[in-house]
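Participant: Below: one structure in structure tokens.
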Amino acid sequence: MTDNHSAFETHRRRLLQGAAAGAALLTPLSALAAAGDMDAIRKAVATGHDASVQRLREWIGLPSIAAENRDMEKGCAYMMALAKDAGFTNVQRVPTDGQPGVFGVMDNGAKHTLGLYFMYDVKQFDPAEWSSPPLEGRIVERAGLGKIMIGRGATNQKGPESAMLAALHAIRAAGKTPPVNLVLVCEGEEEIGSPHFAQVVRRPDVLAALKRCSGVIIPSSWQDSSDGSIVVNLGAKGIVELELVSSGEAWGRGPAKDIHSSLKATVDSPTWRLVEALATLVSPDGNTPAIDGWFEKVRPLTAREKVLIAQSAASRSSENERKVLGVRKWVGDMTWQETLERGAAMPTVNIEGLVAGYTGPGGKTILPAKATAKIDLRLVPNQTKDDCVAKLKAHLAKRGYGDIAVNVTGGYDPTETAEDSPLIKAELATYRKAGVKTSIYPRLAGSWPGFVFTSAPVGLPAGQFGLGCGAGAHAPDEFMLIESANPKIQGYDGATLGFVDFLYQIATG
């Protein structure tokens, strides 16, 4: 920690210069923000930089992991404290049938109200896979980017969320009032498929507050690491997270407990049974779902979506995106445009993990009694979670695999927001004023529970917004860019100022 703080002081001049560069990129700002106001806010962002970065570091140090039921109540309490500290009132713990949510409001006497979606949970991690401790929030130099903070949750989602909070702190420190009212809704189960988030949103007082909003955003930090460009998504795929479990007990064949592997000559294997069942779910190359009826409700890409994808392909680099992912080839060696079309239109069946028997050092000659596959299904319009789960169960039963348990742990439907909605227009206007190259893409290949906002009874436009850069979500060495070495990419202060400008853009709607 001491070395990190010394590094901050050593590079303080460069940080302030970066803040000034970020300010230049972010002008001219909305007509509602007088130049004097913005000058004061920019100074407050620069002055509060160290405190804001330390706030993120401390948040990273508290890992709330729903999948492990680790520190969830502490995570909820910390989220509530962060919200109160940023100026939210009526901050409440919202009980659910699972982990609690958090709700708060900020009445600034403004004409417009914006909803903010936060998550306080993070993915699991194995410290042995990281170059620095995943809970330390260490700042290191990354060639071509600048200074980054490494830590679980740094980009998904504590980094962008903390930058949004930093924007509110800066506005207040400058003696100003945010130009919009805010409604904050948080959950602690996003990383397990948000199984109970609808209970938070549909609580009467929360729903009434959201009904006053013009839209909802999840903070992001998705500037491209080479040219600083941003893809604006008009929606996201839905998801179903589940386990498929094959066991000798349920099957009525194979062992009731692990037995010596020499008995494979005379005893059936639940593990091979699971492997055979999994093979029926996809095409031979594993890339196309083969579940009965899987595509009967899938909505093909519209003509407008194909135009947007073509434009997006022309402005994005296939080579750079493969480099960031560590991927040499796209599925089927398709062209870049075909790849992006498939990414938007294709539902998926993915094996997250496959576990059976002994997986430690050396061998252990057993015939396992149980095998488990962790599965996620990504859904596109007009698929639904419930219909897809029913189709999966029917598919397995038809092929004689009805004994394989389908244990659904979470999920939700796809989400869509209109291209001409005020929310998307405000995003594009903010990026345009920041000099950021943008393209519009029909839907995020990943998932977030925006469906809860875009569907009844809420019915709001919803999407991601944010400047800045981060990577490594769900992986080792997840990071958030703190001090940018590339003038096209915003560091932490630039990301903070981006949220300030976005609030003023919403206020003009």
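Participant: So, in the range 236-262, exactly how many residues are within 27 Å of the chain's Cα centre (by Cα) and in a strand (DSSP E or B)?
Facilitator: 8
Participant: Take Asp292 and decide whether it is over 28 Å from Gly466 (Cα atoms) and without any contact (Cβ under 8 Å) to a residue 40 or more places away in the chain.
Facilitator: no
Participant: Does any residue in the range 92-105 that is in contact (Cβ under 8 Å) with a residue 24 or more places away in the chain come within less than 9 Å, Cβ to Cβ, of a residue that is among the acidic types (Asp, Glu) and in a loop (DSSP other than H, G, I, E, B) six or more places away or on a different chain, and which pairs are these?
Facilitator: Thr96/Glu189; Gly98/Glu189; Gln99/Asp121; Gln99/Glu189; Gly101/Glu189
Participant: I would also like to ask the following. Which one is surrounded by the fewest Cβ atoms within 10 Å (Cβ to Cβ) among residues in the range 72-94 that are within 21 Å of the chain's Cα centre (by Cα) and closer than 19 Å to Gly159 by Cβ?
Facilitator: Tyr78
Participant: Here's another thing I want to ask about it. Is there a residue in the range 107-115 that is touching a Gly at 6+ places or on another chain (Cβ under 9 Å) and not in a loop (DSSP other than H, G, I, E, B)?
Facilitator: Checked the range 107-115: at least one residue is touching a Gly at 6+ places or on another chain (Cβ under 9 Å) and not in a loop (DSSP other than H, G, I, E, B).
Participant: Can you confirm whether the range 95-117 contains a residue that is over 23 Å from the mean Cα position of the chain (by Cα), in the same structural domain as Arg202 (by TED's automatic domain parsing), among the small types (Gly, Ala, Ser) and under 27 Å from Pro476 (Cα atoms)?
Facilitator: For the range 95-117, residues over 23 Å from the mean Cα position of the chain (by Cα), in the same structural domain as Arg202 (by TED's automatic domain parsing), among the small types (Gly, Ala, Ser) and under 27 Å from Pro476 (Cα atoms): absent.
Participant: Kindly check whether there is at least one residue in the range 395-417 that is farther than 30 Å from Gly252 by Cβ, of a type in the set (Asp, Glu) and either outside the structural domain of Phe465 (by TED's automatic domain parsing) or in contact with a strand residue (DSSP E or B) (Cβ under 7 Å, 6 or more places away or on another chain) (or both).
Facilitator: yes
Participant: How about the range 424-501: which strands (runs of 3 or more DSSP E) wholly inside it have at least 2 residues that are in contact (Cβ under 8 Å) with a residue 60 or more places away in the chain and of a type in the set (Gly, Ala, Ser)?
Facilitator: Where strands (runs of 3 or more DSSP E) fall fully within the range 424-501 and carry at least 2 residues being in contact (Cβ under 8 Å) with a residue 60 or more places away in the chain and of a type in the set (Gly, Ala, Ser), they are 462-465.
Participant: Here is a follow-up. Considering the range 342-369 alone, what residues qualify as being part of a strand (DSSP E or B) and under 32 Å from the mean Cα position of the chain (by Cα)?
Facilitator: Thr348, Val349, Asn350, Ile351, Glu352, Gly353, Leu354, Val355, Ala356, listed by residue number.
Participant: Just for the range 447-504: of the residues that are of a type in the set (Asp, Glu) and under 20 Å from Gly48 (Cα atoms), which one is surrounded by the most Cβ atoms within 10 Å (Cβ to Cβ)?
Facilitator: Looking at residues that are of a type in the set (Asp, Glu) and under 20 Å from Gly48 (Cα atoms), I get Asp493.
The values are calculated or read from the model by the stated rules, or taken from the named source; none is laboratory data. These numbers come from a predicted model, not from an experiment. A quick note on method: Cβ atoms are made from the backbone with ideal geometry, for glycine too, and the neighbour counts reach across all protein chains shown.
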